[in-house]
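Trainee: The structure follows.
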Amino acid sequence: MAQEKSEFLKGTLDMLILKVVAAGPIHGYAISQRIQQVSKDFFQVPQGSLYPALHRLEERDWLEAEWRDTATGREAKFYKLTRKGRTQLESEVLHWEKLTDAVALILRTAE
Amino acid sequence: MRWLRRFTQRALLEKRLESELQFHIEQSTESYIAQGIPPAEARRRAVLEFGGVERFKEECRETHWENQWDIVVRDFRFALGCLRKDRRFAFVAIFALALGIGASTAIFSVVDNALFEPFAYKDSRHLVTLHLRDLDQANDWRGLFLYDEFQEFQKQNDLFDSMVANLPEDVVYSAGENSLLLFGNYVTPGTFEFYGVAPYLGRSLAPADYEAGAPPVFVMRYKAWINKFGADPSLLGKTFRLNGVSRTLVGIEAPRFAWGGAELWMPRGPKEPKIIRSFDGRQYWGVVARIRPGVSTQQAAASLNIIAQRFSKIYPKDYPAHFSMEVASFAHIVVPPRFRRALYVFSAAVGLLLLIGCANVANLLLARATTREREFAVRSALGASRFHLIRQLLAESFLLAFAGGILGIFFAWAGVKTIAAVLPDFTIASETVIEMNGAVLVFALVVGICTVFLFGLAPSLKASRGNLEESLRDTGKGLSGVQGGAGARNIVVVAEVALCVTLLFTASLFVRSFVALQRVPLGLHTDHVLTARLPLPPERYKTGAQLNAFFRPLLTRLKSMPGIAYAAESSTLPPYGGIRSEVQVSGQSHTEKWYGLFQLCSEDYIPVLRIPVLEGRTFTETEVNDARQVAVINQTFQRRYFDKKPSIGEKIRLNELKDFPDAVKDPWFEVIGVVADARNRGLQEPIDPEVWVPYTVTGSAMRGILVRTTNDPAAMAKTVAREIWATDPSVAMAEPGTLDHFLDLFTFAQPRFALWIVGMFACMGLLLATIGVYSVMAYNTARRTHEFGLRVALGAAARDVVKMVLGQGLRLLTLGLVIGLVSSLALSRLITSELWGVSPHDPLALVGVAALLLLIGLLACWVPARRATRVDPMTALRYE
C-alpha cells in the first residue's frame with residue numbers, strides 16, 4: 001500500500017515542512033531529520049522527495065532561502081518562513097485541526 | 001527582478017541545486033559514520049535513502065517557471081517520437097479526424113449558404129414574391145404581373161413596407177464587331193434603396209435617374225464587369241450604346257447583388273412610355289415586396305386577391321378560371337423544393353459524419369491505449385508521476401489534434417471549392433456565394449479536438465487508478481480493462497457499415513440513373529451543332545417578311561462559308577420542342593381538346609439535326625420565302641391524331657398562331673411530310689406531337705439559329721457572329737454555344753450535381769466505415785495479442801488466427817450490411833423522384849454495394865489479423 005501512503009503524504013508534506021521551518025532558518029537535511037524524528041519514522045519516503053517540495057514552496061513565496069555557513073563551516077541553503085508562508089501555515093493548521101476533530105468525533109460516536 | 005536574474009544565471013542555479021542535494025547526502029553519510037558505520041557503507045546507505053538524485057533534480061527544476069518551456073519542448077519531442085514509432089496509427093487517426101471535420105464543414109457550409117443565407121439583401125427575411133395560382137391545376141399560373149397590377153399592389157402599404165418590380169430585357173450593346181448581347185433589367189424607383197446593398201464602384205441608381213427627361217444611365221453587375229469588360233474601372237462614366245440609346249455607366253454593383261440574374265439595370269420611371277417587346281405585346285414584371293412585420297403571408301394574399309379579382313375582369317386572358325394570389329417567402333422560391341429536401345437530408349448526414357469521424361478517432365485512441373498499458377505501467381513504476389504521464393499524453397493528443405485540425409481545414413476548404421465548382425447554374429440563387437462557414441468549422445474543430453484529448457488521455461486515467469501491479473500483470477491478456485466498452489464500439493461499427501451501405505446504394509442508383517439518362521436515344525444528332533438565340537429589335541422586325549429579310553441573306557451567307565454544312569432558323573432549341581398550341585385536324589371530330597407543339601423554322605432545320613424523313617418531304621426554300629402554310633409532323637402526331645390513316649395532304653390548324661401579335665389569320669397548314677420522333681420535352685418526358693412550319697408565317701416569337709459545322713462548332717462562333725453583324729449591326733447573338741453544351745447544361749447538370757454530392761458522401765462513408773472497422777478490429781486484436789501468442793505456441797497455424805479475426809469482423813460487417821440494405825430499400829422510395837430509368841430496388845446496385853463493402857471491410861480486418869499472426873509467441877508469452 002505504498003501508493004496510498006505517498007498520496008496521503010503529498011497533501012500533508014507541505015504543511016509539515018512549513019511547520020518545521022517556522023521554528024527558524026533551517027537547511028534541507030535538518031528538515032528531513034526533524035520530520036522523521038518527530039513522526040517516529042511514520043513517513044517512509046525517499047528523502048530526496050523533500051527537495052521538489054521545498055522548491056515548490058519557495059516558488060510560491062511561502063519560503064525564502066539564503067546560502068550561509070553551518071556550524072561546521074560548510075555552506076548550505078537555509079530556508080525560512082515568509083509572511084505569506086506563515087499565513088498559509090496558520091490556515092492549513094486550522095483546517096487540519098477541524099478535519100481531525102471531525103474525524104475523531106465520528107470515530108468516537110459512530111459506534 | 002529575481003526571475004530575470006534567475007533566467008540569466010541558469011548555470012549558477014544548476015550548481016546550487018547540485019550542491020544543495022549533495023550537502024544532504026554528505027550530512028547523512030557523516031551521521032552514519034558517527035554511528036560507527038564504515039564510510040563506504042555509510043555513503044551507500046545515504047544515497048539509497050535519498051533516492052534518485054537526477055529525478056529529484058528534475059522535479060526541482062520543474063517547479064521553476066523558467067524551465068517550463070524546456071519541459072514543453074521535451075514533452076513534444078517525446079510525443080513526436082512516440083507517434084513516429086506508430087506511424088500507421090498516427091496517419092489513420094489524423095486522417096479520420098480531418099475527414100470528419102472537413103466533410104462536415106464543407107457540406108454544411110454549402111447548405112448554409114444556399115439555403116439559410118443566400119442573399120446579402122437588407123432584411124431578406126421579410127422579402128416576399130407574389131404568385132398567381134391556378135386552383136384547378138394546383139400550380140403556379142404566373143409569377144409576373146402587368147404594370148397596372150403592380151401599381152395597384154404597391155398601394156397596399158398596410159401590408160407592405162415597399163414593393164419594387166423588374167422587367168427583363170435583352171440589351172444589344174453595339175460596339176462594331178464586338179457587339180454583345182447583355183441581359184438587362186428595367187427596375188422601378190426605389191429598387192436599390194429596397195435591397196440596401198452598397199455599390200462596389202461609383203453609385204447605384206438614384207431617385208433623380210427615374211425622372212422623365214433625366215439623362216439615361218445604367219449600373220452593371222460585378223460578374224459581368226469582371227467577365228465581359230475585363231474589370232476595367234475606367235469604364236465608369238463612359239457612355240454605352242444600348243439598344244440604340246446612349247447610356248452612361250454610373251456604377252458597378254456589389255459582387256453579391258444579382259437581382260433578377262441581370263447583367264445590367266436601367267431605371268424606369270412610371271411616366272415613361274411603354275415599350276412593347278414581349279411577343280404577345282404585354283410587359284410582365286417580376287414583383288418583390290417587403291412585408292410589414294407582423295403581417296402574415298396569408299393575410300397579404302387575401303388582400304391581394306380582391307385586387308386580382310378586379311383585374312381578372314379587365315385582362316381575362318391573364319387569369320385562369322379559378323385562382324388565388326399567393327405570397328411566398330423569398331427563401332422558399334430560391335431553392336427548388338426538390339433540391340431543398342436533398343440539402344436537408346445532406347445536412348443531417350453531415351452531423352452523422354462528424355460523429356462517426358469522432359467515434360473512429362476515439363476507437364483508434366482506445367486501441368492504442370490498450371497496447372500501451374504496459375508501457376505506462378512500467379514508466380509509472382520507474383517513478384514517472386501521474387502528472388508526467390498526463391502531460392506527455394496531452395502533448396501527443398495536441399500533436400494529433402493539431403495535424404488533424406490543419407488537414408481538416410484543408411479538406412473543408414477543398415471541399416467547398418469543389419462543390420462550388422460543380423454546382424450547376426440555376427440550382428441556387430445567383431446571389432449565393434458558396435464559401436466556408438467559419439462558425440461551423442470552429443464547431444467541428446472543437447468537437448474533433450475534444451474527442452482527441454478526451455480519449456487521448458484514457459491511458460493516464462487507467463495508470464493513475466493506481467492498479468499498477470494489475471496493469472503490469474494483465475496487459476496483453478484478453479480479459480483486462482473495460483470490457484463494457486466493446487459493445488458500444490461494435491455498435492458504432494455496425495452503424496457505420498449500415499450508413500455506408502445506404503450511401504453507397506443511393507450513389508449507385510444515381511450513377512445508374514445518370515448512365516440511363518445519357519443513353520436515351522434523342523432521335524436527333526446534337527454533335528457539331530452551334531446554336532444561338534437572336535433577339536431582333538422588335539420595332540424593325542414585326543412581320544414574317546421582315547424576319548426573312550434578315551434571316552434569308554444570313555442563312556445563305558453562312559451556308560456558303562467553308563466549314564458550315566447547314567444553317568437553319570428555329571424558334572426553340574432541341575430537345576425542347578416549341579410553342580404549345582391547341583390543334584385541330586381536318587375531318588377529325590373529337591370532344592376533348594388536342595394539343596401539340598409547333599416550331600417556326602427554315603427548310604434546313606430537319607437536315608441540321610439529321611432527323612430522318614419517313615414520308616413525304618420537308619419544305620423548300622421557296623415555300624419558306626413565300627410563307628406558304630405547309631407543315632411537317634412527327635410520328636407521334638401521325639399516330640395520335642391521324643390514327644394510321646395517311647396524313648399527307650391533310651390539313652391541321654394551329655390555333656395559337658391566331659392569337660399572336662403578328663397573327664396568322666387562317667392558321668390551317670397542309671401536311672407535306674412525316675419525320676421520325678425526336679425528344680421534344682427534355683430527355684425524361686414522353687415525346688409530344690410536334691409540327692414544323694415555315695418561320696416566315698409570323699413575325700412574332702423568339703428566334704435563334706442552328707448551324708451544322710464540319711469541324712469544331714465552338715471554333716465557328718466568331719465567324720457566325722461576324723456574319724450576323726454584317727447582316728444587321730443592331731443584332732447580336734445571345735448565349736452562343738454548342739448544342740451538346742446546351743444539352744449538358746439543362747439536362748445533365750442537375751443529375752450530375754446530385755451524383756457528385758451523393759458520390760462524395762458515399763466515398764466518405766466508405767472511408768469512414770473502413771477506418772471504423774479497421775480501428776475496432778485493431779483494438780480487439782491488440783487486446784488479444786497474448787491469447788494469439790498462446791494459440792500459436794500451442795500449435796495454431798497463422799491461418800487459424802487470421803480466420804478467427806476475420807470471422808469476428810465478418811459478423812460485424814454482415815450485421816451492418818443487413819441493416820444497411822433494409823434501410824436502403826426503405827429509404828430509396830424517397831429519392832424515386834430524382835431517379836430515372838432505374839428501379840429504386842435495382843438488384844445490380846444491391847449486389848454491387850454488398851460485394852464492395854464486404855471486400856473493403858474484410859481488407860480492413862485483414863491488416864490487424866496479419867499483425868496478430870506476426871506476434872512472436874515468446875514475446876507474447878513473456879508479457880506474463
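Trainee: Tilt of helix B:68-85 relative to the longest C-alpha principal axis of chain B, in degrees (0 to 90, nearest 10)?
Mentor: 70 degrees
Trainee: Any idea how far apart B:Ala714 and B:Arg870 come out in nm if each label point goes 7 Å out from Cα toward Cβ?
Mentor: 5.0 nm
Trainee: How big is the range A:2-109 on each of its three principal axes, counting only the C-alpha atoms and giving the largest first in Å?
Mentor: So the three principal-axis extents are 55, 31, 22 Å.
Trainee: Then there's this: If you line up the long axis of helix B:297-314 against the longest principal axis of chain B, both from Cα atoms, how many degrees apart are they, to the nearest 10?
Mentor: Here the helix axis deviates by roughly 10 degrees.
Trainee: Could you give the length gained by full extension between B:Ala726 and B:Leu236, i.e. 0.36 nm per residue of separation minus their alpha carbon distance, to one decimal place?
Mentor: Length gained between B:Ala726 and B:Leu236: 173.5 nm.
Trainee: Given H placed on each backbone N at 1.01 Å, which residues far from B:Leu182 in sequence or on other chains put an amide H within less than 5 Å of it?
Mentor: B:Val171, B:Val172, B:Tyr173
Trainee: Report the label-to-label distance for B:Leu48 and B:Asp527 in nanometres (one decimal), using points 7 Å from each Cα along the Cα→Cβ vector.
Mentor: About 9.5 nm separates the two model spin labels.
Trainee: OK, next. At a Förster distance of 45 Å, what's the computed FRET efficiency of B:Lys645 paired with B:Ser312, Cβ-Cβ distance as r, to 0.05?
Mentor: Step by step, r from the Cβ atoms, then E = 0.60.
Trainee: While we're here: Please arrange B:Tyr641, B:Tyr315, B:Tyr200, B:Tyr541 by how many other C-beta atoms lie within 10 Å of their C-beta, fewest to most. Intermediate results must be reported in sequence, preceding the final value.
Mentor: On the way: B:Tyr641 20, B:Tyr315 12, B:Tyr200 17, B:Tyr541 24.
The most exposed by this proxy come first: B:Tyr315, B:Tyr200, B:Tyr641, B:Tyr541.
Trainee: Counting other beta carbons within 10 Å of each residue's own, what order do B:Leu80, B:Leu554 fall into, fewest first?
Mentor: B:Leu80, B:Leu554
Trainee: Over the Cα atoms of the range B:658-705, Rg to Rh with Kirkwood Rh, two decimal places? Don't jump to the answer; show the numbers that get you there.
Mentor: Details: Rg = 13.3 Å, Rh = 13.2 Å.
So for the range B:658-705, dividing Rg by the Kirkwood Rh gives 1.01.
Trainee: Once fully extended, how much extra length lies between B:Glu14 and B:Gln68, figured as 0.36 nm per residue of separation less the alpha-carbon to alpha-carbon distance?
Mentor: Details: separation 54, 0.36 × 54 = 19.44 nm, distance 1.52 nm.
That works out to 17.9 nm of additional length.
Trainee: Would you mind giving the mean number of other chain beta-carbons within 10 Å of the Cβ of each residue in A:73-79, as a whole number?
Mentor: Partner Cβ neighbours, averaged per residue: 3.
Trainee: Mind jotting down the distance between the C-alpha centroids of the range B:540-591 and the range B:112-161, whole Å?
Mentor: If we compute the Cα centre of each part, the gap is 36 Å.
Trainee: Grab the beta carbon distance between B:Leu844 and B:Arg681, set R0 = 25 Å, and tell me the FRET efficiency rounded to 0.05.
Mentor: Numbers: r = 29 Å, r/R0 = 1.14.
For R0 = 25 Å, the calculated efficiency reads 0.30.
Trainee: Just to be sure I understand the model, the point goes 7 Å from the Cα along the line to the Cβ. What's the resulting B:Asp140 to A:Ser39 distance in nm?
Mentor: Distance between label points: 8.3 nm.
Trainee: Return one number: the angle in degrees, 0 to 90 and rounded to the nearest 10, between the long axis of the Cα atoms of helix B:87-111 and the longest principal axis of the Cα atoms of chain B.
Mentor: 30 degrees
Trainee: Which lysines does B:Lys57 reach when only Cα atoms under 20 Å apart count, and residues fewer than 8 places away in its own chain are ignored?
Mentor: Those lysines meeting the cut-off are A:Lys10, A:Lys77, B:Lys15.
Trainee: Sticking with this one: By counting other Cβ atoms within 10 Å of each Cβ, how are B:Met702, B:Met777 ranked from fewest to most?
Mentor: Values: B:Met702 17, B:Met777 26.
By the 10 Å Cβ count, ascending, the order reads B:Met702, B:Met777.
Trainee: Across the range B:15-31, in residue order, what do the Karplus-derived ³J(HN,Hα) couplings come to in whole Hz, using 6.51 cos²θ - 1.76 cosθ + 1.60 with θ = phi - 60° and x for Gly and Pro?
Mentor: 5, 5, 4, 4, 6, 5, 5, 4, 4, 4, 5, 5, 4, 4, 4, 4, 5
Trainee: Can you list residues whose amide H is under 5 Å from B:Cys601's amide H, if they're 5+ apart or on another chain and H is modeled 1.01 Å from N?
Mentor: Placed amide hydrogens put B:Val693, B:Tyr695 under 5 Å from B:Cys601.
Trainee: Order these peptides, A:96-103, B:652-659, by their mean beta-carbon neighbour count within 10 angstrom, highest first. Working shown, then result.
Mentor: Numbers: A:96-103: 10.5, B:652-659: 19.4.
So the order, starting with the most tightly packed, is B:652-659, A:96-103.
Trainee: Then there is this: Compute the distance from the alpha-carbon center of the range B:750-787 to that of the range B:21-91, in whole Å.
Mentor: Their Cα centres are 46 Å away from one another.
Trainee: Per DSSP H run of at least 4 residues, take -39500 (n - 2.57); add these up for the protein assembly as shown, divide by its residues and hand me the 222 nm value, nearest 500 deg cm²/dmol.
Mentor: Roughly -17000 deg cm²/dmol at 222 nm, from the helical runs in the protein assembly as shown.
Trainee: Say the dipole of the protein assembly as shown comes from +1 at the beta carbon of Lys and Arg and -1 at that of Asp and Glu; which of B:Cys763, B:Ser31, B:Cys358 then lies farthest toward its positive end?
Mentor: Checked the options; the winner is B:Ser31.
Trainee: Filter B:Lys559/B:Lys645; B:Lys223/B:Lys559; B:Lys313/B:Lys651; A:Lys40/A:Lys98 down to the pairs with a C-alpha to C-alpha distance above 28 Å, please.
Mentor: Among B:Lys559/B:Lys645; B:Lys223/B:Lys559; B:Lys313/B:Lys651; A:Lys40/A:Lys98, the Cα-Cα distance tops 28 Å for B:Lys559/B:Lys645; B:Lys223/B:Lys559; B:Lys313/B:Lys651.
Trainee: Here's another thing I want to ask about it. How long are the three semi-axes of the equivalent ellipsoid for the protein assembly as shown, computed from the Cα gyration tensor as the root of 5 times each eigenvalue, in whole Å, largest first?
Mentor: Values: eigenvalues 1402, 261, 127 Å².
The three semi-axes for the protein assembly as shown are 84, 36, 25 Å.
Trainee: With contacts defined as alpha carbon pairs under 8 Å and 6 or more residues apart, what's the relative contact order of chain B in percent?
Mentor: 16 percent.
Trainee: Using the beta-carbon distance between B:Leu745 and B:Ile390 and R0 = 51 Å, what value does 1/(1 + (r/R0)^6) give for FRET efficiency, to the nearest 0.05?
Mentor: About 0.30, to the nearest 0.05.
Trainee: Which value results for Rg/Rh of chain B when Rg is the Cα radius of gyration and Rh the Kirkwood radius based on the inverse mean 1/r? Don't jump to the answer; show the numbers that get you there.
Mentor: Working: Rg = 38.5 Å, Rh = 33.8 Å.
Reported Rg/Rh, Kirkwood definition of Rh: 1.14.
Trainee: Shielding of A:57-70 by partners, i.e. mean partner chain Cβ atoms within 10 Å per residue?
Mentor: 1
Trainee: Excluding B:Ala549 itself, what net charge comes from residues whose Cβ is under 11 Å from its Cβ, given Lys and Arg +1 and Asp and Glu -1?
Mentor: +1
Trainee: Count charges around B:Leu393 for me, please; just the other residues with Cβ under 10 Å from its Cβ, Lys/Arg as +1, Asp/Glu as -1.
Mentor: Overall, the nearby charge balance is 0.
Only the coordinates and a few stated rules stand behind these numbers; no lab work does. These numbers were taken from a predicted model, which means no experiment stands behind them. As a convention, Cβ positions derive from the backbone with ideal geometry for all residues, glycine included, and neighbour counts pool all protein chains shown.
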